[in-house]
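Engineer: One structure is given below, represented as structure tokens, and several questions about it will come after.
The values are calculated or read from the model by the stated rules, or taken from the named source; none is laboratory data. Everything quoted here is computed from the prediction, not taken from an experiment. Note that each Cβ is placed from the backbone with ideal geometry, even for glycine, and that neighbours are counted across all protein chains shown. To get the accessible areas, we keep the full protein, side chains included, count just its heavy atoms, and leave off ligands, DNA and RNA. Shrake-Rupley method; radii C 1.70, N 1.55, O 1.52, S 1.80 Å.
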Amino acid sequence: MIPYLDVQHLTKTFGALTLFRDISFSIGEGQKVGLIAKNGTGKSTLLSILAGKESYDAGDIVFRRDLKVGFLEQSPAFDPEESVLDACFNHQGEEEKVLKAKQVLTQLKIRDLQQKMGQLSGGQQKRVALANVLLTEPDLIILDEPTNHLDLEMIEWLEGYLGRSNRTLLMVTHDRFFLDRVCSVILELDDHTIYTYRGNYAYYLEKRQERIDNRRAEIVRANNLYRTELEWMRRMPQARAHKARYREEAFYELEKVAKQRLEERQLRLKSSNVYIGSKIFECQYISKAYDDTIILKDFYYNFSRFEKMGIVGNNGTGKSTFIKMLLGQVAVDDGHIVIGDTVKFGYFSQEGLQFNDQQKVIDVVRDIAEYVDLGGGRKLSASQLLQYFLFTNEQQYNYVYKLSGGERRKLYLCTVLMQNPNFLVLDEPTNDLDIVTLQILEEYLQDFPGCVIVVSHDRYFMDKVVDHLLVFKGQGDINDFPGNYTQYRQWAALEVSGESGQSGKSGNSGKTGQSGKPSYRHDDRRRLSYKEKREIEQLEKDIATLEAEKKQIEDALCGGTTSVDEITTMSKRLPVLNKELDEKSMRWLELSEIAS
């Protein structure tokens, strides 16, 4: 394999902050490489360095001679007076490629090639920049968050385009479906060091866990030996002067390993103190249009308690408008939205929150609340919530202006959760968040005891979180699907092939039929999703196991043959067991009510 790029001993610092130190890796011809790292650790900086946009402190970067490199920046800048066509070809005048440009731009929903760049939104400009990179046909393509501002249709097109291409690729993306299907090598930037995994995202997850487990075992072994050697160092100061110096030198090397701290994943953050009544919200035949663009027409939907809904669809079909109507920020043209009295919304918008850059991170969250009551006597402080979302103690007392774009989005998320809502409405929450944070957020939402609506183009995230979809297809055409995104795509593929013979509607659909009349179920009750059916089956098994354990403990405590230590242990276990039984039994009852 011909090496296209070779990086050796690269180091980059900003003042006292080290982003990476002495890192080395190479990219060969035809390889498709994904770069993964937490927010604020230097992903975009590394790409900018490789593209020649930013300097570095030490090391060597060697490209193959005459290699043509194309770079998609996270926030590209254009002359506002130049046309889309000029922006695509960088004024190179390659008119013979205009037809190809039209094809690519059409796929990216940019149709007016003479429109001035200053008239386009930020998302549209990012798509033009992406088209520019693809059309100039570089040998090595470097992409920084290429799926941002793309809808699902565009993402799947780009996924296929890059997957079929034999061009060499290095990219940063949080889209794990995209990584899994396009990339054959994963680079992970972690703790100032780079790790290489020769496989797709699924392979990376497996091997990364092996690396962490091995490192953890190494630290445990080092700690055990360190205690022995530390005792020797303390007790025999005179003897050390006459013994081989290697043991003392080895002690200090051992100390470095023993004092390492792997970042432990936080315990899953579960709250039992969120209450929401049985009445959530009901869309009573609502309609909304802007000129000739229909968002909703006679749409009916009755939202169920504990429902976790995903909203998907192409850009411009009205997803964000729908949730703004739900929140009362946009008025409906006709119909009514009735909200339950107990509903307390927490809204995470695409626009984000405007921070005071001179405020400390911890104070931003404390301005919302000092703590959240989790129930059962447990409280979560502002600092603990920030720590849960991977803000270190040092970062919490830094000023907001020092945060990266992804860290600011993460801080905004913490301000929403600190309000202790019982209904979360999240509009594109995955944009700019690193993969580790996405995994934490997924777990949080899976355990969240209230209601959730998520608008997102992140297919992996949707599969993990939601059990129900509204698919906005444009001009008021909405599919109501009881399942996650992958299940919907499988169903849609059957529809296209004509194998399902269904109308594309189930549950409480507000889809408008071809007759122009709304079609929906008069039965307001929601049916159990596939995920919930599996959950109720697992709950029955868990409850049976817990009840058997409880009976065993109670019999032992009454038997008179149990030792004092065993009685103490059992006495501590019994209330924990009872609480877990209560929680699982309550959840089983909730699901049973839906099923009945």
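Engineer: Estimate the FRET efficiency between Asp542 and Asp191 by the formula 1/(1 + (r/R0)^6), using the beta-carbon distance for r and 41 Å for R0, to the nearest 0.05.
Structural biologist: 0.65
Engineer: Here are some pairs, Lys541/Lys584; Lys38/Lys402; Lys53/Lys102; which of them have Cα atoms lying more than 19 Å apart in this structure?
Structural biologist: Violating the 19 Å Cα-Cα cut-off are Lys53/Lys102.
Engineer: Project the alpha carbons of the range 136-187 onto their principal axes and report the range along each, largest first, in whole Å.
Structural biologist: For the range 136-187, the Cα spread along each principal axis is 27, 25, 18 Å.
Engineer: Right, something else. For each pair in Lys43/Lys360; Lys12/Lys68; Lys551/Lys572; Lys43/Lys100; Lys464/Lys533, compute the distance between the two Cα atoms and list the pairs where it is over 20 Å.
Structural biologist: Long pairs (Cα-Cα over 20 Å): Lys43/Lys360; Lys12/Lys68; Lys43/Lys100.
Engineer: From the square roots a ≥ b ≥ c of the eigenvalues of the alpha-carbon gyration tensor of the range 269-378, which class results: rounded (a/c under 1.5), prolate (a/b over b/c), or oblate?
Structural biologist: Judged from the Cα gyration tensor, the range 269-378 comes out oblate (a/c at least 1.5, b/c at or above a/b).
Engineer: Same structure again: Among 302-315, 422-435, what's the highest-first ranking by average C-beta atoms within 10 angstrom per residue?
Structural biologist: So the order, starting with the most tightly packed, is 422-435, 302-315.
Engineer: Using mean Cβ contacts within 10 Å as the protection proxy, how do 388-398, 556-566 order, highest first?
Structural biologist: 388-398, 556-566
Engineer: Average the reciprocal distances over every distinct pair of alpha-carbons in the range 363-508, invert the result, and give the Kirkwood radius in Å.
Structural biologist: By the Kirkwood definition, the hydrodynamic radius is 17.4 Å.
Engineer: Suppose a student asked you for the relative contact order of the range 331-473, using Cα pairs under 8 Å spaced at least 6 residues apart; what percent would you report?
Structural biologist: 28
Engineer: Moving to a separate point now. Restricting everything to alpha-carbon atoms, can you work out Rg to Rh for the range 7-96 with a Kirkwood hydrodynamic radius?
Structural biologist: Answer for the range 7-96: 1.03.
Engineer: How high is the FRET efficiency between Glu549 and Leu589 when r is their beta carbon distance and R₀ equals 35 Å, given to the nearest 0.05?
Structural biologist: 0.95
Engineer: Would you kindly calculate the mean projected area, averaged across all directions, of the convex hull enclosing the Cα atoms of the range 384-470, in square nanometres?
Structural biologist: 5.7
Engineer: Per residue, how much accessible area does the range 297-393 show when a 1.4 Å probe rolls over the protein heavy atoms, in square angstrom?
Structural biologist: Spelled out: the 1.4 Å probe surface of the range 297-393, per residue, equals 45 Å².
Engineer: Something else now. Under 19 Å from a label point 7 Å along Cα→Cβ of Asp79: give me every residue in the range 102-119 with its amide N that close.
Structural biologist: 113-119, by backbone N distance to the label point.
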